[in-house]
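S.K.: Just dropping this structure here.
The values are calculated or read from the model by the stated rules, or taken from the named source; none is laboratory data. Nothing here was measured: the structure is a model prediction, and the numbers come from that model. A quick note on method: Cβ atoms are made from the backbone with ideal geometry, for glycine too, and the neighbour counts reach across all protein chains shown. Note: areas computed on protein heavy atoms with side chains; ligands, DNA, RNA excluded. Shrake-Rupley method; radii C 1.70, N 1.55, O 1.52, S 1.80 Å.
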Amino acid sequence: MYNYTLHNHIHLSCKQHGLDLNGKDNLFYTRLIANTAAIRELYEEVYGKHPQKEILFDGLIETIIKAHKERPTALLKQDNKKEEKGNWFLSNEITGMSLYVDRFCGGLKNMPAKLSYLNNLGVNFLHLMPVFQSPEGESDGGYAVSDFRKVDERFGTLEDLQALQKKMLAENMYLMIDIVLNHTSHLHEWAMKAKQGDPVYQDYFYMYDDRTLPDQFDQNMPEIFPESSPGSFTYVPECKKWVMTVFHHYQWDLNYANPAVFNAMLDTVFFYANLGIDILRIDAPAFIWKQLGTSCQNLPQAHTLLRLIKQCVQVASPGMALLGEAIVAPKEIMKYFGTGNYTGRECDVAYNATQMALQWDALATSDTRVMLAAQYDLLQKPFGSTWLTYTRCHDDIGLGFEDSSITAAGFNAYEHRKFLKEYYSGVHPSSPAKGALFSINPKTQDARISGSLASLCGLEKALEQNDPLEIELSVRKIIMMQAQTCFIGGIPMLFYGDEAAYTNDYSYLNDPGKSYDNRWMHRPVIDWVKNQRTEVKGTIEEKIFSATQKLISLRKKISVIADRKNLTWLTPHNIHVAGFLRAWDNKKVYCLFNYSRKAAYITWYSFKEHGAVPVKLYDHWNDQRVTVGSDYEYLIIEPYSFCILEVVD
Ligand code: GLC
């Protein structure tokens, strides 16, 4: 919407900065003018009543202009290329891997030499787990940042990170890092000043003189780490105040009701953008707004702030997409893509945490009905945005799907969840899995699950028992889980070590900085001698590596797998099988996954319920041609196996 005062003001600011509005800065200027009204409106929504709103709004505009001026030429070119492509992140040609640089290869300096390993696997997108300064022993795997701009010397230097980014750009690879938006380490400069009693910085956090308000907040705020960091406030003896610490006691929640905090963090967003980050992972966005009397999660203002970030990023670094790490209820996750006028204009990508958990549900129960029951919500994702799909990551598995999906599948929700927890912690007699419960809440008995992909699929136990059948089945499970993750739509993000069959690593128990957090059991230190076995035919490492390689190369080959909101779930008439159709233009691919220990029989009728009836299919996974039979005939899928069936002439 045109607003003379606002637009004139912006125009003058750009002039003052010496921008060449009709020449090289024209695209930026156009984007800024186009988004200004939205930026102002969103800003007003949150900060409209703040006494310093005008001066801080000017600061925000300055931040955007400065970001553009500092954007390196190579990235400006890259922005244009990406804009021409449209939503580049929907592509079926992108597959990622998430890794801790120190545990993967010692440090950032060694990373460029490891890109060939990733290329060989087919991975062309890297999520570096946090590398910015974070106090050892109180780091939450790097998510307690004490300096947002200084690479921690444990990992290397900023120059090392820049060198890696340059090499990746030259090799057409994409890079993702985190911005830990919700909190800082208690050793961050702002927190230190707050501890020393500086009221300006005390206002950067939620600080209280006594327990009155903390007690009121605590009544409605769920605990995130109830075992290791119960409650949501920590006493700070230096200034004799209570500070809000939703995660660990050493992670101080930032106060976004203060626009100075927003401006400072937006500046950090641009600092990362100008390093050449392709996707910025916004850590824990659900938590960034707090309000007494609420759970302090998923509040409307959190969405407004994310939208504001998105509109600003679109102006000064349009090539950088935003990923919202909102691991919340399915209906809530969806809102991170934006709603109303902002549908598709908030985060570009979100974790499909629901689907991930549903696959683990189906694997434990050999029953895909809960998965199917939950799909209605997931299909509401707007066109133009996409999922980050994953089987495992550095975090625990939360069974965050709705009780109603469990009930719809005919189970008792409490008993069902209890079974899943017992199954994956290996307590249930029928379970081949070796994992552990994470963050058990003694009040609610809620718990999440830790464990590596391989161990949760039964490989660790099968190896201990030297049981060839169970080894074979666990390998199949690993591959099938990854296959569904690769074909369901979205960017698959592998977790390092999973491609080479790493089982749980219990050495974290000997490190006091880690022993309180069993998520470290599935964050391996890579042993490159073991990884060489990925090249030795017949080893477990090779079987899993080469299967992962094949999945990625098939994904790249089959264009219909790109996420164009082109997924239809099948009714496989068999509760052990999950199946969907991916269709676009005149291409159709049926993907079916058998979650059972026995062969599954699928009536050919299942293939005839969605448009033109196919006659001939090509199974890309099993490399064979298949003819569609009569309704009383069956497609047979091996135990824990799958088919990727393309309709052919
Ligand atoms: C995110 C991270 C997790 C971390 C938390 C707090 O959920 O993935 O590892 O503990 O944020 O920063």
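S.K.: Can you find a residue that is within 26 Å of the chain's Cα centre (by Cα) and either of a type in the set (S, T, N, Q) or open to solvent by 10 Å² or more (accessible area, probe 1.4 Å) (or both) anywhere in the stretch 568-577?
M.R.: yes
S.K.: Examine the stretch 569-584 for a residue that is more than 23 Å from ILE94 (Cα to Cα), of a type in the set (Gly, Ala, Ser) and assigned by TED's automatic domain parsing to the domain that holds THR603, and state whether such a residue exists.
M.R.: yes
S.K.: With a cut-off of at least 2 residues that are open to solvent by 20 Å² or more (accessible area, probe 1.4 Å) and of a type outside the set (D, E, K, R), name the strands (runs of 3 or more DSSP E) lying wholly within the stretch 167-284. Outline the logic, then answer.
M.R.: Working: elements: 174-180, 183-185, 233-236, 241-244, 251-253, 279-283.
Of the strands (runs of 3 or more DSSP E) lying wholly inside the stretch 167-284, those with at least 2 residues that are open to solvent by 20 Å² or more (accessible area, probe 1.4 Å) and of a type outside the set (D, E, K, R) span 233-236.
S.K.: Which of the residues spanning the stretch 244-264 are more than 16 Å from the ligand (Cβ to nearest atom) and either in contact with a Ser or Thr (Cβ under 7 Å, 6 or more places away or on another chain) or at positive phi (or both)?
M.R.: Here is the first cut: in the stretch 244-264, the residues more than 16 Å from the ligand (Cβ to nearest atom) are 255, 257-264.
Listed by number, the list holds a single entry, ASN263.
S.K.: Here is a further query. Under 9 Å by Cβ, and 6 or more places apart or on different chains, what pairs join a residue from the stretch 449-463 that is without any contact (Cβ under 8 Å) to a residue 40 or more places away in the chain with one that is open to solvent by 10 Å² or more (accessible area, probe 1.4 Å) and assigned to a loop (DSSP other than H, G, I, E, B)?
M.R.: Taking only residues 6 or more apart or on different chains, the pairs are GLY458/PRO432; GLY458/LYS434; LYS461/GLY426; LYS461/PRO432; LYS461/LYS434; LYS461/ASP467; ALA462/PRO432.
S.K.: For residues in the stretch 265-291 being among the β-branched types (Val, Ile, Thr) and more than 16 Å from the ligand (Cβ to nearest atom), which is farthest from LYS49 (Cα to Cα)? Don't jump to the end; show me each part of the working.
M.R.: Keep residues of the stretch 265-291 that are among the β-branched types (Val, Ile, Thr), which gives 268-269, 277, 279, 282, 288.
This time we only want the ones that are more than 16 Å from the ligand (Cβ to nearest atom), so: 269, 277.
On the way: VAL269: 25, ILE277: 34 Å.
Among those that are among the β-branched types (Val, Ile, Thr) and more than 16 Å from the ligand (Cβ to nearest atom), it is ILE277.
S.K.: With the requirement that a residue be within 16 Å of the ligand (Cβ to nearest atom) and either open to solvent by less than 10 Å² (accessible area, probe 1.4 Å) or among the aromatic types (Phe, Trp, Tyr) (or both), what does the stretch 292-347 give you?
M.R.: CYS296, ALA302, LEU306, LEU322, LEU323, GLY324, ALA326, ILE333, TYR336, CYS347
S.K.: Against the conditions (1) without any contact (Cβ under 8 Å) to a residue 60 or more places away in the chain; (2) open to solvent by less than 30 Å² (accessible area, probe 1.4 Å), where does LEU388 fall short? Just the number, please.
M.R.: For LEU388, the failing item is (1).
S.K.: Still on this structure, I have one more. Give the residue that is surrounded by the most Cβ atoms within 10 Å (Cβ to Cβ), with candidates limited to residues of the stretch 479-496 that are more than 16 Å from the ligand (Cβ to nearest atom) and part of a loop (DSSP other than H, G, I, E, B).
M.R.: Result: GLY490.
S.K.: A follow-up question, please. Restricting the search to the stretch 89-135, which residues are away from the ligand (no atom under 16 Å from the Cβ), more than 23 Å from ALA321 (Cβ to Cβ) and surrounded by fewer than 21 Cβ atoms within 10 Å (Cβ to Cβ)?
M.R.: Matches in the stretch 89-135: CYS105, GLY106, GLY107, LYS109, ASN110, PRO112, ALA113, LYS114, SER116, TYR117, ASN120.
S.K.: Checking the conditions here, which among GLY48, GLY23, GLY86 is small (Gly, Ala, Ser), closer than 28 Å to PHE383 by Cβ and surrounded by fewer than 16 Cβ atoms within 10 Å (Cβ to Cβ)?
M.R.: Values: GLY48 fails: closer than 28 Å to PHE383 by Cβ; GLY23 fails: closer than 28 Å to PHE383 by Cβ.
None of the others qualify; the one that does is GLY86.
S.K.: Take the residues of the stretch 138-166 that are of a type in the set (A, V, I, L, M) and closer than 22 Å to LEU322 by Cα: which is most open to solvent (accessible area, probe 1.4 Å)? Before the answer, list the steps.
M.R.: Within the stretch 138-166, the first condition is being of a type in the set (A, V, I, L, M), and the residues that meet it are 144-145, 151, 158, 161, 163-164.
Restricting the remaining residues to those that are closer than 22 Å to LEU322 by Cα gives 144-145, 151, 158, 161, 164.
Details: ALA144: 0, VAL145: 6, VAL151: 6, LEU158: 40, LEU161: 4, LEU164: 0 Å².
Ranking the candidates gives LEU158 first.
S.K.: Another question about this same structure. Going through the stretch 414-433 one residue at a time, which ones are of a type outside the set (Phe, Trp, Tyr) and buried (at least 17 other Cβ atoms within 10 Å of the Cβ)?
M.R.: Step one: filter the stretch 414-433 for residues of a type outside the set (Phe, Trp, Tyr), giving 415-418, 420-422, 425-433.
Within the stretch 414-433, HIS416, ARG417, LEU420, LYS421, GLU422, SER425, GLY426, SER431, PRO432, ALA433 qualify.
S.K.: Would you pick out the residues in the stretch 100-150 that are among the acidic types (Asp, Glu) and under 17 Å from PRO524 (Cα atoms)? So that I can check it myself, show each step before the final result.
M.R.: So in the stretch 100-150, the residues among the acidic types (Asp, Glu) come out as 102, 136, 138, 140, 147.
Once the filter is applied, which keeps residues that are among the acidic types (Asp, Glu) and under 17 Å from PRO524 (Cα atoms), the stretch 100-150 yields ASP102, ASP140.
S.K.: Of all residues being touching an Asp or Glu at 6+ places or on another chain (Cβ under 6 Å) and open to solvent by 40 Å² or more (accessible area, probe 1.4 Å) in the stretch 504-537, which is nearest to the ligand (Cβ to nearest atom)? Just the residue, please.
M.R.: Ranking the candidates gives ARG533 first.
S.K.: Would you mention how many residues in the stretch 348-369 are of a type in the set (Val, Ile, Thr), closer than 19 Å to TYR424 by Cα and crowded, with 24+ Cβ neighbours inside 10 Å?
M.R.: 2
S.K.: Sticking with this structure for a sec: Are there any pairs with C-beta distances below 7 angstrom linking a residue in the stretch 175-203 that is modelled with pLDDT of 95 or more and within 16 Å of the ligand (Cβ to nearest atom) to a residue that is of a type in the set (Val, Ile, Thr) and part of a helix (DSSP H, G or I), with the two at least 6 apart or on different chains, and if so which?
M.R.: Pairs that qualify, where the first residue is modelled with pLDDT of 95 or more and within 16 Å of the ligand (Cβ to nearest atom) and the partner is of a type in the set (Val, Ile, Thr) and part of a helix (DSSP H, G or I), are ILE179/THR268; ILE179/VAL269.
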